[in-house]
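Single-structure report; data block below.
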Amino acid sequence: MSERFTIGLIVSNHFGVLNRIAGLYSKRGYNIDSLAVGVTEDPDISRMTIVSTGDEYIRSQVVKQLNKLHDVKLAVLLEEDKSLSVEHLLIKIKTNGDGNSGIAALVNEYGGKILDLGSNFLVADVTGRTERINEFIGKCVPLGILELCRSGNLALSVGTEKVLNINDFK
């Protein structure tokens, strides 16, 4: 049975790394549903979060194959019950200019912030689980979405255990 799964990676921060990782997925016919990457507190190391869909065999193969890549310091499966995962959304919504308290209330209901307000639009910033982001977007569709941008999932292990601690790779 295919299910979404999340992999956290610590990788070298230099050109070509993302291309090699994407190539690994492409060669094997795996799809990347979500990808987030950014530099860590050490500018030589980046953290990646990749969400894919597949069965247990695909999960284990992806992790094994990623760990064989030279620039990958560590790739681990982040189990749903042992990790926290959120997405970041920036969305520009049409407004009617006749008071936008309803839209502001919707943004507040989802824990968001209004970053920019014009005469016929507003830009909101919302962070949350993928399901909640999808729900928020669904409620914005009837209002008129002018533009949106999602970060892809960001995930960390729960508790004090640091599964992907960059100090282990220095």
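Once C-alpha pairs closer than 8 Å and six or more residues apart are averaged by separation and normalised to the residue number of the chain, the relative contact order reads 27 percent.
The angle between the Cα long axis of helix 56-68 and the longest principal axis of the Cα atoms of the chain comes to about 70 degrees, rounded to the nearest 10. Taking the Cα centre of segment 52-170 as reference, the dipole from Cβ charges on Lys and Arg (+1) and Asp and Glu (-1) amounts to some 300 debye. Residues in segment 135-148 carry Karplus couplings, in order, of 4, 4, 4, x, 6, 7, 3, x, 6, x, 8, 8, 6, 8 Hz; the curve used is 6.51 cos²θ - 1.76 cosθ + 1.60 with θ = phi - 60°, and Gly or Pro positions show x.
For the pair segment 105-138 / segment 1-57, the C-alpha centres are spaced 27 Å from each other.
Against the chain, whose longest principal axis comes from its Cα atoms, helix 17-27 is set at around 80 degrees. Close amide H partners of Ile45, meaning residues 5 or more places away or on another chain with modelled amide H under 5 Å apart, are Asn13, Thr40. Each of Gly128, Ser157, Gly111 was scored by the projection of its Cα onto the charge dipole of segment 94-159, and the greatest displacement toward the positive side belongs to Ser157; charges sit on the C-beta of Lys, Arg, Asp and Glu. The residues Ile91, Ile103, when put in order of fewest to most other Cβ atoms within 10 Å, stand as Ile103, Ile91. Among the lysines of the chain, pairs at least eight places apart or on separate chains and with Cα atoms under 22 Å apart come to 19.
Laboratory data are not the source of any read-out in this text; all were calculated from the coordinates shown. Just so we're clear, the structure is a prediction, and the values are computed from it rather than from any experiment. Note: ideal-geometry Cβ built from the backbone for every residue, glycine included; neighbour counts use all protein chains shown.
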